[in-house]
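Take a look at the structure set out below.
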Amino acid sequence: MNVSEVMTAPPVCVAPNVTLVEVARQMAESAVGSVLVVEDGALHGIVTDRDLAVRGMGGGLDARARVDAVMSARVVTVEAVEDVGAAYRAFRRTGVRRLPVLDAGRVVGVLTIDDLFLDLFRRFADLLGPVAWSVLQEPPGPPQEAGAPDEP
């Protein structure tokens, strides 16, 4: 399965000159914990709600400061066409919780740990659905032997 099949798209993106207060507003409106900092389709960084709190307000920055003052410029990414296994390895290797997804160098989505959890839960549900149905169809108690009479 490719990363593009489980990623969140489109990602929430802002320009490097957007203010911290505007980034916080966009995060709240979009119900996300991070935004990608993008200019002309190229990824410049990522900023999380924690970055806003710790580096921004906690660091004494004004709410009108630019987002590029608190973003992480060194971003671990994954390609949209890569197998999801590559994303698992990137998450394990780096400890990040979000991976911007690129297609030919352009931002097309973001993959989060939560996206992978949802995919796993869907797969378990698909697997367990038929099993659960067959259990519901069977009478309670030990299985009957072939040819054994039913007990009253």
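The values are calculated or read from the model by the stated rules, or taken from the named source; none is laboratory data. For clarity, every value in this text was computed on a predicted model and none was experimentally measured. For neighbour counting, all protein chains shown are included, and Cβ atoms are generated from backbone atoms with ideal geometry for every residue, glycine included. Calculation scope for accessible area: heavy atoms of the full protein, side chains included, ligands and nucleic acids excluded. Shrake-Rupley method; radii C 1.70, N 1.55, O 1.52, S 1.80 Å.
When the helix-only estimate is applied to the chain (DSSP H runs of n ≥ 4, each -39,500 (n - 2.57), divided by the residue count), what is the mean residue ellipticity at 222 nm, nearest 500 deg cm²/dmol?
Helix-only estimate at 222 nm: -10000 deg cm²/dmol.
Might you tell me the accessible area per residue for the chain, computed with a 1.4 Å probe and given in Å²?
64
Expressed as an acute angle from 0 to 90° and rounded to the nearest 10, what is the orientation of the C-alpha long axis of helix 84-94 relative to the principal long axis of the chain?
Here the helix axis deviates by roughly 60 degrees.
Quick check: the angle from helix 113-137's long axis to the longest principal axis of the chain, C-alpha only, nearest 10 degrees?
Between helix and principal axis, roughly 10 degrees.
Here are a few candidate values for volume of the Cα convex hull per residue in Å³: [x] 127; [y] 166; [z] 144. Which one was actually calculated from the structure I just gave you?
[y]
Take the Cα coordinates of the range 1-47, assign each an equal point scatterer, and use the Debye formula without solvent to give log10 I(q)/I(0) at q = 0.33 Å⁻¹.
Evaluating at q = 0.33 Å⁻¹ gives log10 I(q)/I(0) of -1.24.
Highest first, please rank the peptides 13-21, 87-95, 107-115 by the mean number of other Cβ atoms sitting within 10 Å of their residues.
The most tightly packed comes first, giving 107-115, 13-21, 87-95.
Might you report the magnitude of the Cβ-based charge dipole of the chain about its Cα centre, with Lys and Arg at +1 and Asp and Glu at -1, to the nearest 20 debye?
960
For the range 57-107, just say rounded, prolate or oblate: build the C-alpha gyration tensor, square-root its eigenvalues into a ≥ b ≥ c, call rounded for a/c under 1.5, and beyond that prolate if a/b exceeds b/c, oblate if not.
Taking the square roots of the gyration eigenvalues as a ≥ b ≥ c, the range 57-107 is oblate.
For helix 20-30, what angle does its Cα long axis make with the longest principal axis of the chain, in degrees from 0 to 90 and rounded to 10?
20
Ignoring ligands, DNA and RNA, please state the percent of accessible area on the chain from carbon and sulfur, probe 1.4 Å.
Here it works out to 56 percent.
For the range 1-58, what is the relative contact order in percent, using Cα pairs closer than 8 Å and at least 6 residues apart in sequence? Please list the in-between numbers first.
Numbers: 55 pairs, mean separation 17.1, N = 58.
Worked out over the range 1-58, it gives 29 percent.
Is there a quick way to get the dipole size of the range 1-86? I mean about its Cα centre, with the Cβ of Lys and Arg at +1 and of Asp and Glu at -1; what is the value in debye to the nearest 20?
On the way: 6 positive and 12 negative charges, 88 e Å.
The calculated dipole for the range 1-86 is roughly 420 debye.
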